[in-house]
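Some notes on the structure that comes next.
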């Protein structure tokens, strides 16, 4: 009896990964959605380590599953690089073109690798005939896992730092504390004085202070 490749366990894992990435898009653009975005992204990435062993142990390998896994990987990396590009543009950092260049390079390189596999009739894009020694070393499971883990960890750490927990002031008002974005080492009160650049309004609309080594000098 023919098996339905759409319902293979590793493909179901791939659907879940893609769903997590789609949901993460609703949080990546929100200043208060950083933790949720990182949690969804981490869940999608960890599931990537489960679909391969599931396919081999259950003998449910398929071309559709291989393409789904690679496309999901590319979408995952593209989402994170796009988020880094957005953060760099908002903060006017010079790294925005570099993140975009990495995004284009990542997609183009994998497309060329997949096209070469199809053109040469290879069973997998990870096993091309007469491929360079560097690719042979890279596609070994342990090496591939370590390199990908380090790469993703670097991108995730860059995104976390771009949200700037250390540069985020503490807003106090109404008996609660909320993190909001504001310039570092700047003190402002909405009821007394506004410093340039203006401090963004706190959720409480009462008192917003950024952690500063020393308060501004009083007027003479």
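The modelled label-to-label distance between residue 100 and residue 50, using points 7 Å beyond Cα along the C-beta direction, is 3.7 nm.
Please report, largest first and rounded to whole Å, the three semi-axes of the ellipsoid equivalent to the range 93-152, where each semi-axis is the square root of five times an eigenvalue of the C-alpha gyration tensor.
Taking √(5λ) for each eigenvalue gives 25, 16, 8 Å, largest first.
Pairs of Cα atoms nearer than 8 Å and 6+ residues apart set the relative contact order; for the range 5-162 it is 20 percent.
In a fully extended conformation the segment linking residue 134 and residue 120 would gain 3.2 nm over its present Cα-Cα distance, using 0.36 nm per residue.
In the frame of its principal axes, the range 5-162 has Cα extents of 46, 34, 25 Å, reported largest first.
For a test of the definition: using alpha carbon positions, the gyration tensor, and the 1.5 limit on a/c, classify the range 62-114 as rounded, prolate or oblate.
Note, shape of the range 62-114 comes out oblate.
Taking other Cβ atoms within 10 Å as a rough exposure proxy, 18, 8 sort from fewest to most as 18, 8.
Read the figures in this text as sums done on the coordinates, not as results from a lab. Here the structure is a predicted model, which is why all the values come from computation and not from measurement. Backbone-built Cβ (ideal geometry, glycine too); neighbour counts: all protein chains shown.
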